[in-house]
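J.: One structure, as C-alpha cells, below. Some questions next.
The values are calculated or read from the model by the stated rules, or taken from the named source; none is laboratory data. These numbers come from a predicted model, not from an experiment. Don't worry about glycine lacking a Cβ; one is built from the backbone with ideal geometry, like all the others, and counts go over all protein chains shown. Surface accessibility is based on the protein's heavy atoms, side chains included, excluding ligands, DNA and RNA. Shrake-Rupley method; radii C 1.70, N 1.55, O 1.52, S 1.80 Å.
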Amino acid sequence: MQDTVSLPPSFLTDWCHALLNLICGSRIAHTERDASTLRCERCSAGQFKPSPGDEPCSACHAGKYQEAMGGSACRNCEIGRYQPYKGAAECLQCVAPLSAVVGSPVCSVCGATWYQVTTSTPPSALNCQPCPSAFDCGVNTTLSTVMVRPGYWRLSASAQTAYRCRGDERGPCTGGREVGQLGDGYCNGNSSGPLCEVCAHGSYFNKGTSTCLWCPEESLRSGLLLGAVAGVLLILGAVSRIAGKPPAACRSQVLYLNIAVQRVGMAGFREVVKITFTFYQLVSYIPALYEVDLPESFNRPWEVARNIMAVVSEQQIYPCLSFYGALALKGIGGLLLAAVVFVIGTVFAWYRSTRRLALRECMLAGGLPATLPVIYICTPAVSVMLFSTWNCVPYDFDLQAKGAASNSTELSYGRGVTRSFLRDSPAIECGDSEHSKIIRLAVILIFIWPIGATAAFSWLLVKCRNAIQTHTPTKLSRACAFLHKEIKPKSYYFEVILLGERILLSGPLLLIPQGQSFLRLLCAVLITTFGAVFVPLIRAYKQVVHDYLSIASHIVLQVIFISASYIRLHNDISELSGEEAADNILRMNTMQLGLVMLGVCAIMLSLVITMLVTQLRADQHLQILRGKDGSSPTLSLGDGRIWHLFNSHVWVTGQVQAALLISAPI
C-alpha cells in the first residue's frame, strides 16, 4: 500500500470526499487527510495517530517523544531523560545529580550513584548527595530506601553514615534495605544492635570469629577457674616447702637452682623483663584503644597478645558477663589476686624463717616483695577497662524532628543527632541509667588502681629515699627492691614516672572523644617522644644496657604509633574516597604499614634476646652468695668506704678468697 493517494480535482464530488475519508481513515492509521492537497500525509515527528479515523494526528504528551514520521504511538523518555513540552521529537538529558524516571516531563529525582537526603524538599544539587561506598544507589533512591551493602551497618533509615562491621562481608552485617529496630534489619538472625555485635540472651559476640557463640556452662567455667587457682596454690606450696627445707636427696639441686636464680637477678634480667613486658603490653592495646583497624591477617595475633598481656581476661573466664560484672571482676578480682599473693608471700617468708619472724617482718620479707610485681603488671591492664567506661562510640541517627509536644513522653530526634553506645559493650547506650551505674563503679576503682598504685609506689620510694641514697638498707627498702634495685640512687623515683607513662598510654587517653581518636594517637606519639628524650637525659639505670634498651623501646613505640596513625588515616580516606585513592595518597597500603609494625616489634624482640645473651656471657665475674640458700647478701658501705673485706673461718677457703679479691676486687 502506498502512503500517499492523489485524486484529480475534476473528480472531487461528495462521494469522492467520502471515498478519500474511507481510504485515509480506515486503511491508514498513522496518516491524516490534507484538505489543501487532498492527500493522506504521514504524521509528523513528535505526533502520532493510534487508530484509523478522520481525526488529525495528536502531539506527543510531555515526557514522551516520537522521532520518526508516521508514528502510531509515542515513546516514553528513558531513565535520565525528560521532555517538558508536547510534540517533541526527542528527549533532553538530565544534568547530574538530577535524573528522571521513565516518561517524566521533568528531572524530579536524584540520579544513579546519588541519593536524596530529605523528601520534604524536592531534589536539587544540594539535596542530592553522592552515594558512598557503603551504599548502593539507583535512580530515585532516597536516604530511607538506600541499599546498604553487606559488611556495613547504620543505626536508622535516616542516617547518612554506614559503618564497617567486623569480618566485612563474612561478618554479622548482611546489609539490605530494611533498617528494622536500631539497625537490626541489617544484621543476620543471630545478632542485633550497633555493628550487629549484640547477641541474644545466652550467647556472646566473639570478636575473633565475628560471630555469636553460645555461653559455656557456668559450672564448667567456675570449676576450671577454681581448679587453676588450686593448682597454682599447690605448686607454690610445694616450691616453698622444697625451697624452705629441701629433702636431703635434692638439697644440692635446690642450692644450684637458687644460685642460678640469683645469677639471673644479678645479670639484670629482672629489669630487662620489666622493660620488655611494658613494651609489648602497650603495643597489644593499640588496635582497641586507638581505633586502628589492622589488616584481617593481623587481627588474630594482636588479639592473642592482648589477652596474654591483659593478665586477667574476663572474656576468657566468663565471656557472658555483663560489662558491669566484667568491670567488677577485673577491678576487684585484681585486688583479690594481689591480696592472695601478699598472704602467700608472707606465709612463705614465715615458713622459711622456721617460724621465728614476727608478722610485720614476714610481710616485709615476703608479702610486699611478692605483691609489688603483681600491682605493677595489673595496673595498666585494669586501667584499660576502667577508662573504657567513657569510650562511647557515636553513631549517626539523623532522624527528622517529629514535632512532639514538650510534655510528650515520645523522644524526638532532629537531623544531625547521634546516639552513642559503649564500644566494649554495644548493648549499653551511653548516658542511660545502666551506664551511670558503671561509671560510679569505675570512678571508685580508678582511685584504687591507677591513682592508688601510683600513690603507693611514690609513698614507698619516699619512705625508702634516705636508705637508698645513703646505701644503708632497711627492711622496707629491701622489700621495695623491685622498684629501685636496678635504678641509680639519685633517680630512685624513675619507676613511678615509667608507671605513670604506662597508665597514660593505656587509660586516660580514652577520655578523648571517640570521634577524635586520631588525636589519641598524636598524644601517644608525644608521650613516647618525651620518654625517648627523658630516658637518655637522666640515665637512671645502673647498667648502661638497660638505658639503651629503654631508649630503644621508646623509639620503637614511636614508630609503631606513627605507623598506627598512618593506618588510621588510610582507613578514614578509604571510607570517603575508596581504598585505591588512599593507597595513591599515602603511597602505602595497610598491609605494608602492618608489616612495619610487626617488623619493629620483631626488631625489639631480637634486641632483647641479643642483649640478654651478651650480658650473660660478659657477666662471668664471681659473686658472693650465701652458702645456705645461694642468695645474694645485702651489702652496705659506710661514708667514705668503697671496699668490702670477706674473711673465711676455713683457712684454705680464706686463702682462695684473698687470691680472688686480689685478682678481681669487688
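J.: In the set 437, 490, which member is of a type in the set (Lys, Arg) and more than 25 Å from residue 331 (Cα to Cα)?
T.: The conditions single out 490.
J.: Where the second residue is open to solvent by less than 50 Å² (accessible area, probe 1.4 Å) and assigned to a helix (DSSP H, G or I) and the first is small (Gly, Ala, Ser) and lies in region 539-555, which pairs have Cβ atoms under 6 Å and are six or more apart or on separate chains?
T.: Note: pairs meeting the criteria are 540/491; 540/494; 550/275; 550/535; 553/275; 553/279.
J.: Just to verify a result, which residue in region 25-51, among those that are modelled with pLDDT of 70 or more and open to solvent by 70 Å² or more (accessible area, probe 1.4 Å), is farthest from residue 96 (Cα to Cα)?
T.: Out of the qualifying residues, it is 42.
Let's see how each residue does on (1) of a type outside the set (D, E, K, R); (2) open to solvent by 10 Å² or more (accessible area, probe 1.4 Å); (3) in a loop (DSSP other than H, G, I, E, B):
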site	(1), (2), (3)
490	no, yes, no
503	yes, yes, no
518	yes, yes, no
524	yes, no, no
533	yes, yes, no
550	yes, no, no
558	yes, yes, no
566	yes, yes, no
570	yes, no, no
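J.: Here's something else I'd like to know. Restricting to region 480-502, name every residue that is under 20 Å from residue 377 (Cβ atoms) and small (Gly, Ala, Ser).
T.: Within region 480-502, 481, 500 meet the criteria.
J.: Does residue 564 meet the test of being at pLDDT 90 or above and touching a Phe, Trp or Tyr at 6+ places or on another chain (Cβ under 7 Å)?
T.: no
J.: Of the conditions (1) touching a Lys or Arg at 6+ places or on another chain (Cβ under 7 Å); (2) at pLDDT 95 or above, residue 443 fails just one. Which one is it?
T.: Unmet condition: (1).
J.: Among the numbered conditions (1) farther than 30 Å from residue 420 by Cβ; (2) modelled with pLDDT of 95 or more; (3) surrounded by fewer than 20 Cβ atoms within 10 Å (Cβ to Cβ), tell me where residue 475 comes up short.
T.: It fails just one condition, (2).
J.: Same structure again: Answer yes if at least one residue in region 143-152 is closer than 20 Å to residue 423 by Cα and at pLDDT 90 or above, and no otherwise.
T.: For region 143-152, residues closer than 20 Å to residue 423 by Cα and at pLDDT 90 or above: present.
J.: Give me a count of the residues in region 139-156 that are open to solvent by 30 Å² or more (accessible area, probe 1.4 Å) and either in a loop (DSSP other than H, G, I, E, B) or touching a residue at least 40 places away in the same chain (Cβ under 8 Å) (or both).
T.: 6
J.: Could you grab the pairs with beta carbons closer than 9 Å, sequence gap of 6+ or different chains, first residue in region 348-374 and closer than 22 Å to residue 274 by Cα and assigned to a helix (DSSP H, G or I), second one open to solvent by less than 60 Å² (accessible area, probe 1.4 Å) and charged (D, E, K, R)?
T.: Short answer, once both residue conditions are applied: 373/274.
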